[in-house]
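So the structure is just underneath, and the comments pick up after that.
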Amino acid sequence: MRIFNSYTNKIEEFETIHPNKVNMYVCGPTVYNYIHIGNARPVVFFDTVKRFLEKKGYEVKFASNFTDVDDKIIQKAMEEKEDELKISQKYIDAFLKDLSDLNCKIDYIQPKVTEYMDYIIKFIKELIDKGYAYNVDGDVYFRVDKVKDYGKLSNQNIDDLIAGSRIDINPKKESPLDFTLWKKTTVGINFESPFSLGRPGWHTECVSMIDDIFNEKIDIHGGGVDLQFPHHENEIAQSQALHCHTLAKYWMHNGRLSFKNEKMSKSLGNVVLVKDVTEKMPLRYFLLSTHYRAPLNYDDESFAMYVKEWQKLQTAVKSLFLKLELDHKLNEEIEIVSKDILAEVDKFNTAMEDDFNTANAITSVQTMIKSINQSLRKNTDANYLNQQLKAIKYMMEVLGLDAKLDRLTEADRILYDDWQKARNSKNFQLADELRSKLVERGII
RNA sequence: GGACCCUUAGCCAAGCGGUAAGGCACGGGACUGCAACUCCCCCACCGCCGGUUCAAAUCCGGCAGGGUCCUCCA
């Protein structure tokens, strides 16, 4: 398996640090609002990565944080005259709901900044003790020029960064590039620390959590490209300072999502929230339709295409499942031995192993769909149909696409029989009534 | 000002030196009680110009257009 490593800027053979074990971390949301579909891209993508690694037999330890201490949350809390923790909890719940709707597994480790305060403080203290951080009147900054290779991940050199720096000059900092580890403040939620009453800086949160949860260099660190600089660069700097390593062996960054070729942002007023998109599976399908590193553009016209494709996919899988059920021939334990099906599954896996090329993997899904429809037209034997079902289910599980295949109840079978009888006796009015019942129950 | 990326049919999108995957739409057939679904066929010389090569969408150079990062942003 090959993965593009943003740190080295190369496609590399994937080798885990420990045999058969993958430790991975993805930067999670700052919970001050509902997430939009751009936020959903890394979530869905890395969920897919995890699914595939697990299918390959890796034991995956996956963590993704909730930033529940942040200026934006404080601001929101003041606006809504609500307690900050309530605000963040509200949006954590909403986030998890969106994830479930997008069929993302939510059983991963979910650290919150508020629950990690002791550890974060200890982490900052250690940086100060080792001379990598300094305290100025209660504010603590990280000394960037003490770390060599700063800028390697985002491929920028320090001199250019300083020259192009548009950050307002902060006289407390030794260098404009130094970033905040601890901010002295009494506004909003704050915590006691040896430095001052205040709260931690964003860049130190993830790295502290990783340090505690994994206790060593991890295999994969993921997030959106926009986090590459400065967030991930700063995480690496802190890790270099304390542990002399780059925090993660493979750094993975997904490309941005735009809306009608414009940046999706609140200021442009073109934000599409996940909760407002009713077609959740098509959304997931859409998010995986382009290679994760490429930019992805959302507009209603192209999204409609994916809605349609999803329906086609779902129809085929449901029909196949239904046929086997009605014939009492469903066999989920079957082994795939048919050469053409094996070849397609193989092609699918090859695409996924090639830096998670979901776009090409989806091609295999479509090929399977076509061949399923073909065999449903013919009188294909149940053995082959069961193998096809097994193959398509495997692919859909990896991609996290759920067609909701429920076993038929006795009542369902009777309903279906009655429908067929009505049709055969040309009682079309009754047939149509029964058909709409079947559709309603999601059977056909 | 610095760093970097993209441009493939009407639309979405693979490919990454060996002669254009796939999907949607369109058109032509078939199936069909009506709907829907489905099947078969058809559908591109890869932004423009030049270079390297036996061979280029794929490498190099120039031009045009679009975008990203350097600042909170997934």
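Our estimate of slack between A:Ile444 and A:Arg407, defined as 0.36 nm per intervening residue step minus the Cα-Cα distance, is 12.1 nm. Averaging over all projection directions, the Cα-based convex hull of chain A occupies 25.0 nm² in the image plane. Here the relative contact order of chain A, from alpha carbon pairs under 8 Å that lie six or more residues apart, stands at 17 percent. Legend: residues A:His232, A:His328, sorted from most to least accessible area (1.4 Å probe; ligands, DNA and RNA excluded), read A:His328, A:His232.
Taking a ≥ b ≥ c as the square roots of the eigenvalues of the Cα gyration tensor, segment A:371-419 is oblate, since a/c reaches 1.5 or more and a/b is not larger than b/c.
Stretching A:Leu197 away from A:Asn270 to a fully extended chain increases their span by 22.4 nm, per 0.36 nm per residue minus the current alpha-carbon distance. Taking Lys and Arg as +1 and Asp and Glu as -1, the other residues whose beta-carbon sits under 10 Å from that of A:Arg441 total -2. In chain A, the DSSP beta bridges split such that about 45 percent are antiparallel, to the nearest 5.
Hey, got a sec? Which trypsin sites (Lys or Arg not before Pro) in segment A:319-423 land in a DSSP loop and have at most 11 other Cβ atoms within 10 Å?
Sparse-neighbourhood loop trypsin sites (Lys or Arg not before Pro): A:Lys378, A:Lys404, A:Arg407.
Here A:Ser436 sits with roughly 60 square angstrom of accessible surface, probe radius 1.4 Å.
Quick check for you: which residues of segment A:1-30 have the amide N under 16 Å from the point 7 Å beyond the Cα of A:Ile109 toward its beta carbon? Counting backbone N atoms under 16 Å from the label point, the list is A:17-18, A:21-28.
Pull out a ≥ b ≥ c, the square roots of the eigenvalues of the alpha-carbon gyration tensor of segment A:2-254, then state rounded if a/c is under 1.5, prolate if not and a/b is larger than b/c, and oblate in the remaining case. Spell out each step's value before the answer.
Values: a/c = 1.69, a/b = 1.15, b/c = 1.48.
Judged from the Cα gyration tensor, segment A:2-254 comes out oblate (a/c at least 1.5, b/c at or above a/b).
Adding -39500 (n - 2.57) for every DSSP H run of four residues or longer, then dividing by how many residues chain A holds, sets the calculated 222 nm ellipticity at -15000 deg cm²/dmol. Long hydrophobic helices in chain A: none of the complete DSSP H runs spans 24 Å or more by Cα along its own axis with mean Kyte-Doolittle hydropathy of at least 0.5.
Kindly report the accessible area of chain A per residue (heavy atoms of protein chains, probe 1.4 Å, no ligands, DNA or RNA), in Å².
47
Rolled with a 1.4 Å probe across the full set of protein chains, the surface gives A:Leu127 an accessible area near 0 Å². Fully extending the segment from A:Leu326 to A:Cys244 would add 23.4 nm, taking 0.36 nm per residue of separation and subtracting the current Cα-Cα distance. Could you tell me the calculated FRET efficiency between A:Asn297 and A:Tyr119, based on Cβ-Cβ distance and R0 = 41 angstrom, to the nearest 0.05? For R0 = 41 Å, the calculated efficiency reads 0.55. With the full set of protein chains in place, find how many percent of the accessible area of chain A is carbon and sulfur; take the probe as 1.4 Å. Result for chain A: 48 percent of the exposed heavy-atom area is carbon or sulfur.
The values are calculated or read from the model by the stated rules, or taken from the named source; none is laboratory data. Owing to the predicted nature of the structure, the values given are computational and were not obtained by experimental measurement. Positions of Cβ are generated from backbone atoms using ideal geometry, with glycine treated the same way; all protein chains shown enter the neighbour counts. Calculation scope for accessible area: heavy atoms of the full protein, side chains included, ligands and nucleic acids excluded. Shrake-Rupley method; radii C 1.70, N 1.55, O 1.52, S 1.80 Å.
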